[in-house]
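*Asks:* Would you mind keeping the following structure in view while I ask a few things?
The values are calculated or read from the model by the stated rules, or taken from the named source; none is laboratory data. Computed from a prediction, not measured in an experiment: that's the story for all the values here. Methodologically, a virtual Cβ is constructed for each residue, glycine included, from the backbone with ideal geometry; neighbour enumeration extends over all protein chains shown. Just so you know, the surface numbers come from the protein's heavy atoms only, side chains and all, with ligands and any DNA or RNA stripped out. Shrake-Rupley method; radii C 1.70, N 1.55, O 1.52, S 1.80 Å.
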Amino acid sequence: MRGSDSLSLKQARRLALSAQQFGKPIGTVDTRRVRGLIERLGVLQIDSVNALVRSHYLPLFSRLGDYPAALLEELAWGPKRRRSLFEYWGHEASLMPLSCYPLLRWRMRRAEQGIGIYDWLSRFGREHPQAIAQVLQAVREQGPLSAGALAKRVEKAGPWWDWSKEKAALEWLFAAGQVSVAGRRGFERLYDLTERVLPAALVNAPELETAQAQRGLLLHAMQALGVATEKDLRDYFRLTPTDSKARLAELVEAGTFRRVGVEGWQTPAYCLGEPRIPRKVEASALLSPFDSLVWERARTERLFDFRYRLEIYTPAHKRVYGYYVLPFLHGERLVGRVDLRAERAHGRLAVHGVHAESTGLDDAALAALAGQLRAMAGWLGLAEVALTGSGELDARLRAAL
C-alpha cells in the first residue's frame, strides 16, 4: 500500500483480519502466548450467556484452537503476582491487559463525578453516599465479597434493575475504580479494594492527562482493527464522539494515523502509517457473537457484506437463524452461521442450524467447519458433535464430520 491513499475492500479485509491475529502461526500455546494475544486485542468482552461457553473464552479459541481455559482464568483471577488482566468497562464489561489500566483512570474519575455512567447509577451515587461508604468499609474489612454476601434487602422488588442497595453501591464503587474484581465464584463477581487486587505500582502511579489516555485507547483500538472509521475506533472502548473526534484529529496531525479511503465505504477510514497488508489470510474459525472482529455490526457489513444480529432476545418463532449463532470465518470471508449449544448433560456439541451465505459453503469450507466443530467439542470436553437438522446442508456437514 506504500504511497497509496486508498484500499480495496479485499485489502481492508486482510488488514483487519491480520490485526485481529487471524492466520498467524500459533506455535506453543502457553501463558506468554495467551497474554500476548490479549494484549494485542486489548479487550475480551464478558457476557453472562452460557449456551456454549462464556463469551470471553471464545476469542482465544477462535485464534489459538484448543488452549487451556485455566490459562485465561489464572491471568484474570489468579494470584496477584501472576495476574496480568483486570475487569472494567472497556467495550462493555471486559477483561483487559493491565497496560490499559492507566488509560482508563479518567473514566473512573468521571464515574465518581456521576459522568459517563448509567443515569440511575449516577443518581444512586448522589442520593446514597452513606450506603456506598458502608459497603466500601465492609469490603475493606471482609473482602473479597460478593453482592449476595452484602445484600440485606428483604422486599420483593426495588429500583436499580431490582438490585439490592448493596449491589448498586458495589457497582458504583466498581465504576469509580475504588473496588475491583478479585475473582469469581461461578459467574458471580467477588469484589475487593483495588489496591489489594492490582499491583501497587499501577494503582499508585500518577494519573495520565485525559487526552493522552484517550489517544492511547484509540491507538490500542487501531492496532486491533487494522483499518477503521472514526466510529469504529470510538466504539472499541466506548469513547464519546466529542472525545474520539478530538483525539483522532490529534493523532492524524501527529502522523500516527493516516487517512485512507476504502472501496465502497461512505466515510473516511484510518490506519497506522504504512501498514503491511498480507497477500492472503488463511483462517477458519467460529466466532463469538461478542468477538471484536464482528461486535460492531455496521463495520461487519462494510467489511464482509454480512448482516449479523444476535437473536437471543427475539421470540423463538421470529428468529431467522437461531438462539446462539456463531459466524463462521473461512479464508477471508464470513461464509456461514452455525447455531450451537453445549449440551453438557448429554456430552455433546449440538448443531441446531447451519446456514450458508449467498456465496455458499463449498466442500473445502464444510470440511474446515467440521474440523472446527470437532475441535470445539474436544476443547469443551464433549464427546460428540450432533446435528439436529435434516436439510441438505446438514446432510453435507454430517458427511464431512
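*Asks:* What are the residue pairs meeting all of these: first residue in the stretch 204-225, first residue under 20 Å from residue 17 (Cβ atoms), second residue among the acidic types (Asp, Glu) and part of a loop (DSSP other than H, G, I, E, B), Cβ atoms under 7 Å, and 6 or more apart or on different chains?
*Replies:* Cβ pairs passing all conditions: none.
*Asks:* Return the residues of the stretch 230-276 that are of a type in the set (Lys, Arg), assigned to a loop (DSSP other than H, G, I, E, B) and surrounded by 14 or more Cβ atoms within 10 Å (Cβ to Cβ); say none if nothing qualifies.
*Replies:* 238
*Asks:* For a quick check of your reading: which helices (runs of 4 or more DSSP H) sit entirely within the stretch 22-97 and have at least 1 residues that are open to solvent by 20 Å² or more (accessible area, probe 1.4 Å), hydroxyl-bearing (Ser, Thr, Tyr) and in contact with a helix residue (DSSP H, G or I) (Cβ under 7 Å, 6 or more places away or on another chain)?
*Replies:* Correct list: 31-41.
*Asks:* Moving on. Does residue 311 meet the test of being of a type in the set (D, E, K, R) and open to solvent by less than 60 Å² (accessible area, probe 1.4 Å)?
*Replies:* So residue 311 passes the test.
*Asks:* Could you tell me whether residue 258 is in contact with a helix residue (DSSP H, G or I) (Cβ under 7 Å, 6 or more places away or on another chain), of a type in the set (Lys, Arg) and farther than 28 Å from residue 120 by Cα?
*Replies:* Spelling it out, it is not the case that residue 258 is in contact with a helix residue (DSSP H, G or I) (Cβ under 7 Å, 6 or more places away or on another chain), of a type in the set (Lys, Arg) and farther than 28 Å from residue 120 by Cα.
*Asks:* Right, here's the next one. Would you mention how many residues in the stretch 99-115 are assigned to a loop (DSSP other than H, G, I, E, B) and open to solvent by 50 Å² or more (accessible area, probe 1.4 Å)?
*Replies:* Taking the stretch 99-115 first, the residues assigned to a loop (DSSP other than H, G, I, E, B) are 101, 113-115.
Among the residues that remain, those that are also open to solvent by 50 Å² or more (accessible area, probe 1.4 Å) are: 113, 115.
So the count comes out to 2.
*Asks:* Within the stretch 194-218, which residues are closer than 21 Å to residue 110 by Cα and open to solvent by 60 Å² or more (accessible area, probe 1.4 Å)?
*Replies:* 195, 204, 206, 207, 209, 212, 215
*Asks:* Can I ask one more? Take residue 157 and decide whether it is part of a helix (DSSP H, G or I) and at pLDDT below 95.
*Replies:* no
*Asks:* Next question, about the same structure. So residue 323 passes all but one of these: (1) assigned to a helix (DSSP H, G or I); (2) touching a residue at least 24 places away in the same chain (Cβ under 8 Å); (3) open to solvent by 40 Å² or more (accessible area, probe 1.4 Å). Which condition number does it fail?
*Replies:* Just one mismatch for residue 323, condition (1).
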